Structure formats: structure tokens, C-alpha cells
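FYI, it's all coordinate maths here, none of it is from the lab. None of the values given here were measured: they were computed from a predicted structure. Using ideal geometry, Cβ is built from the backbone for each residue, glycine included, and neighbour counts are taken over all protein chains shown.
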Amino acid sequence: MAPALNPDAAAAAVHGACEPRFEGLRDALAEIMAAGTEVGVALAVYVDKEPVVDLWAGHADAARTRPWARDTLVNLFSVGKAISAVCLLRLVEAGRVDLDAPVARYWSEFAQAGKGQVPVRYLLTHQVGLPAVARVLPPEAWRDWTLMTEALAAQAPWWEPGTGHGYHVNTQGFLIGEMIRRVTRQSLGAYFREHLAGPAGIDWHWGLGPEHDARCADYLPPPPSPERDEFERRLTGGGDGGALEGLALMRFHAYRNPPGLPGMRIVNTRAWRAAEVPSTNGHGTARAIARLYSALATDGRLDGVHVLAPETLTRAIAEQVNGPDIVLERPTRYGLGFQLTMPERRLGPGPRAFGHFGAGGSLAFADPDARVAFGYAMNQGRPGWQHRHVRQLVDLVYAAL
């Protein structure tokens with residue numbers, strides 16, 4: 001557990017720049033830091049692809065010895081799910097992948113266990129029924145791409161694909177990444193580096209090299225809380241998970257198989273940063289994710305680099321599923337790889353806003369009607385999926401428009 005922040009002027013200092021009309025966001029970040037809600041944080045907002053907010057504050061470590069800097073990287077967890085979807089959608093747009101074709105057309109081994117006709121789009125909509133592997137995997141299986149993808153190819157769906165949807169917490173990135181590897185002969189991290197990160201200068205990484213370690217923030221474990229205790233009780237059935245079966249076992253394995261994924265024991269290690277675990281271990285800055293989404297909020301281009309065509313994006317943000325989530329046991333709403341705004345978890349007032357949250361409250365989203373892109377990065381873990389201070393920041397953006 002991280003020690004409580006000292007609410008002094010240094011802790012609350014907010015660095016960076018913002019347009020005068022967005023100064024309320026600087027004040028709000030200062031209040032968040034002074035209250036101890038976050039340890040280190042960065043916020044970026046773009047309007048019409050122009051940066052209007054680029055702020056950061058706090059520290060990159062629990063001991064408060066390393067100030068958060070302009071280029072501090074942090075593990076943004078599920079924010080990466082939508083970024084991996086962008087990569088697959090680029091292949092769809094190029095005619096190299098057909099969303100309605102069977103996954104097995106591109107990945108022949110996927111046809112095992114009755115999955116021969118499962119379409120590619122179900123990988124993006126959490127309808128494929130593979131949020132977990134039933135057999136217990138070795139503790140470090142997450143760093144063995146072949147082991148993980150072979151296990152998923154062999155796994156029978158936990159429900160009939162297409163009949164429901166359930167959040168693929170740790171597996172979606174392996175499924176999308178293997179599709180990309182089969183089509184391009186590149187890993188997802190290599191594909192992103194070559195086609196987007198390098199040409200457009202997007203500071204986002206899967207498979208982070210050691211040269212970046214000095215600018216990585218440590219991700220800090222959530223403090224004990226009733227909410228966290230309740231999650232553990234539900235996940236384990238009140239025991240160690242050994243007596244679970246059926247969908248309860250599925251939910252346990254979705255979070256805990258391989259053992260330790262994505263626990264705090266491994267998150268800050270060199271091995272974790274070097275691996276490609278696309279649903280979970282992408283590292284980036286708030287500026288990077290906001291810049292990427294600024295292209296998606298407008299014409300699909302970033303500094304002359306093609307990201308996605310507007311017509312592709314229109315397809316991607318059309319609602320695919322909406323309702324009870326088999327894994328999370330609460331309502332969720334998805335397009336093709338993107339979380340869509342919903343009353344329970346609004347992405348501002350725009351009805352077409354889309355993006356993705358990450359563990360603890362990190363967030364990247366775009367609103368194509370307001371032409372706004374938003375990126376929020378932090379290193380203090382917290383349980384739950386409702387983060388009021390993040391919603392407050394989003395509301396302040398719209399109030400300033």
C-alpha cells in the first residue's frame with residue numbers, strides 16, 4: 001500500500017501548459033493531488049487535433065523520489081485493447097481481413113473445439129466466448145506468446161459465440177494480436193511501431209525496451225477497501241477458488257490464469273515491460289493516447305499519417321453489443337473494439353463518444369461530434385470501475401468548450 005500523499009504545495013504542483021479556457025483543469029488536478037487521490041498523473045486534451053491541455057503532476061514512485069515528468073510512461077492496462085483494435089481495423093480497411101470471415105481462415109488452429117465458423121468480428125466485440133483458459137497455465141505463461149495463443153486456439157468457448165458478450169480481460173489482446181501476426185507476420189508491438197508509433201510519433205509501446213525503464217512510473221497497488229474485498233470474495237467464491245465450476249470458474253480464470261496475471265508482483269518488472277500482453281501491459285503517456293484519439297475524432301490522420309478512414313471508424317463505433325456482461329456481471333456496451341459511452345459510464349455528453357478505460361481510472365476517448373480527444377494516465381491502482389475524479393475532469397473539458 002502506498003503511503004498517503006502529503007498535501008503540500010510540492011505535491012499539488014501541476015506542470016505543463018493549457019489554454020486559458022481550460023485552466024479549471026489545472027486547478028482540478030492540483031486539488032486531486034493535494035487530496036491524495038493520485039500519486040502521479042498526466043492529462044492531455046486535443047480539440048480539432050490541436051493540443052489544448054498537456055499537464056502532469058506528482059511522482060512516478062511510491063517513495064516520492066522521482067517526479068512525474070513530461071515523458072513519463074506508465075502501464076495503462078486496458079486502454080491498449082482499443083489501440084490493438086485500431087491495428088486490426090487497419091487490416092480490415094486494407095482488405096486483408098474480412099470481419100465476417102471465420103477466424104480460422106487466417107489462423108487455422110483456431111477451428112479446434114467447434115470454433116471453425118466463429119467470425120473475426122467476435123474477437124472485437126467480446127462475443128467469442130474465450131475470456132479464460134480452463135486448464136491451469138504455468139505462472140509465467142503470459143510471456144510465452146505461442147503457449148497463450150495455442151491454449152486459446154484449443155479452448156472450447158465458455159458460451160456459444162455470438163449468443164452473449166463477456167469482457168475478455170486478459171485474452172482479447174492475444175486473440176487480436178495473433179490475427180495480426182498471422183496476416184502480417186509481425187507481432188502487434190512490431191506492427192504498431194512500424195506503422196503508427198514511428199511515423200506519427202506516438203509514444204505507446206508493447207514490448208518495451210530497457211532504454212525506456214528510467215522514464216517508467218511504478219504502478220502502485222490499490223489500497224485495501226471494502227470494494228476490493230467484495231471483488232475478491234465474488235471472484236474466489238469466498239475461498240481460494242478451488243471449488244468453483246462453470247461460469248464462476250470462468251470468471252476466476254479470466255483474472256487469475258495464468259497465476260499472477262496481472263498482479264502487482266509482476267507489473268513493474270523488466271520481464272513484464274518487455275513482454276507483449278496487449279490487453280494489459282501497454283505503456284504510454286496521456287499525450288500519446290490523446291494524440292492518437294485526436295485522429296479518430298477528426299479525419300483519421302495524424303501528422304500526415306493515415307490511422308483509420310472516417311468510414312471505417314463509423315463502422316467501428318456502431319453499437320455491436322449492449323447489455324449484461326457475462327464476465328463482469330454488469331452492463332457493458334461495445335462497438336468493434338471500443339467501449340461506447342453509456343449512462344452507467346459516460347464519456348462526456350456526446351452520444352457517439354468511444355474509447356477505453358484502463359485499470360485504476362486511466363482513460364482514452366474521442367468524441368467525433370465535439371472533435372475532442374482525451375487522455376488520462378496515472379499510477380495509483382484502485383478497485384472498481386467508477387472513478388468520480390476522472391468524470392469530473394471530463395465534465396470540465398466540456399464546460400470549457
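Observations on the structure shown:
- Estimated 222 nm signal from helices in the chain, with DSSP H stretches of n ≥ 4 weighted -39500 (n - 2.57), rounded to 500: -9000 deg cm²/dmol
- You can think of it this way: the chain between Ala35 and Gln117 has 24.3 nm of extra reach, that is 0.36 nm per residue less the Cα-Cα gap.
- Span from the the stretch 351-401 Cα centroid across to the the stretch 102-123 one, whole angstrom: 34 Å
- Computed from the C-beta positions of Ala94 and Glu160 and an R0 of 41 Å, the FRET efficiency is 0.85 to the nearest 0.05.
- Annotation: peptides 320-328, 208-216, 248-256, ranked by per-residue average of other Cβ atoms within 10 Å with the highest first, follow the order 248-256, 320-328, 208-216.
- Positive end of the dipole of the stretch 266-401 (Cβ unit charges, origin at the Cα centre): among Tyr293, Phe338, Gly360, the Cα lying farthest that way belongs to Gly360.
- Per-residue Karplus couplings for the stretch 108-117, computed as 6.51 cos²θ - 1.76 cosθ + 1.60 with θ equal to phi - 60°, are listed in order as 4, 5, 5, 5, 4, 6, x, 9, x, 10 Hz, Gly and Pro entered as x.
- Most positive-pole-ward Cα, Trp107, Ile317, Thr184, against dipole of the chain from beta carbon charges: Trp107
- Here the relative contact order of the stretch 68-203, from alpha carbon pairs under 8 Å that lie six or more residues apart, stands at 27 percent.
- The chain, relative contact order in percent, only Cα pairs under 8 angstrom and at least six apart counted: 24 percent
- Projecting the Cα atoms of Pro258, Pro51, Met148 onto the dipole axis of the chain, where Lys and Arg carry +1 and Asp and Glu carry -1 at the beta carbon, places Met148 farthest toward the positive end.
- Point-charge dipole on Cβ atoms (K/R +1, D/E -1) for the chain, about Cα centre, debye to 20: 420 debye
- Sparsely packed GluC sites (Glu not before Pro) within the stretch 81-162, loop by DSSP, other Cβ within 10 Å at most 13: none
- Pairwise label distance in nanometres, Ala399 with Thr146, each label 7 Å out on the Cα-Cβ vector: 5.6 nm
- DSSP beta bridges fully contained in the chain are about 95 percent antiparallel.
- Within the stretch 341-385: backbone nitrogen closer than 18 Å to the Asp303 label point (7 Å, Cα to C-beta): 373-375
- Computed lengthening from Gln392 to Glu194, 0.36 nm per intervening residue step minus Cα-Cα distance: 67.7 nm
- Relative packing of 169-175, 304-310, which averages over residues the other C-beta atoms within 10 Å, highest first: 169-175, 304-310
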